[in-house]
Amino acid sequence: MSGLQSCALPIGGAPAGPAAASAAATGSWHAYGNTNPITSSASTWSCAGSKALTTNVLAQVCAIRSPGHASVQGAVIVRNNRSSLYSVAAAMDLYTSSGDKLGDWACASSGVGANSWSVCFGSTLAERSSVNSVGIANGVNLGISSNV
């Protein structure tokens, strides 16, 4: 998928199962239309590779660092290249490079518009240590992002 960087899920190992997802905080979906969320942002995004959720729908997990480097966030980016709406549920976590868990977030199923980008964001947290994220979308393990 052009324009997407690599992204991932929690560093702690296996992707979160149903029990872990129920304990996750609520994330929030943001629609970007045809604007790439990574290249349109002043933040630094570190992502795992894109994974196909289905034909013409890709997703990736990312760890994001603010321009001032004082805060971080996890995210799952979805690109729908179909000509119709596609529903996606996503979740991600955020860990420091030393293995400290900062949190888990989940976004309930939401429609991603035709030929557009949407991002499920976790909370913004104050953290100066390097972080990474592990993610899942519609049951597909998105891997682990590199540190940011």
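The table below lists the values:
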read-out: Unique match (being modelled with pLDDT of 95 or more, touching a helix residue (DSSP H, G or I) at 6+ places or on another chain (Cβ under 6 Å) and open to solvent by less than 40 Å² (accessible area, probe 1.4 Å)) among ALA137, ALA90, ALA63, ALA106; value: ALA106
read-out: Per-region count, the stretch 23-39, residues touching a Phe, Trp or Tyr at 6+ places or on another chain (Cβ under 6 Å) and in contact (Cβ under 8 Å) with a residue 60 or more places away in the chain; value: 6
read-out: Residue match in the stretch 51-61 (condition: out of contact with any Gly (no Cβ under 8 Å at 6 or more places or on another chain) and either within 20 Å of ALA25 (Cβ to Cβ) or aromatic (Phe, Trp, Tyr) (or both)); value: no
read-out: Pair list, Cβ < 6 Å and 6+ apart or interchain, from the stretch 95-123 residues that are closer than 9 Å to SER28 by Cα to residues that are among the β-branched types (Val, Ile, Thr); value: VAL119/ILE77; CYS120/VAL76
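The values are calculated or read from the model by the stated rules, or taken from the named source; none is laboratory data. Not measured: the values here are computed from a predicted model. Methodologically, a virtual Cβ is constructed for each residue, glycine included, from the backbone with ideal geometry; neighbour enumeration extends over all protein chains shown. Quick note on the areas: whole protein, heavy atoms, side chains included, nothing else; ligands and nucleic acids left out. Shrake-Rupley method; radii C 1.70, N 1.55, O 1.52, S 1.80 Å.
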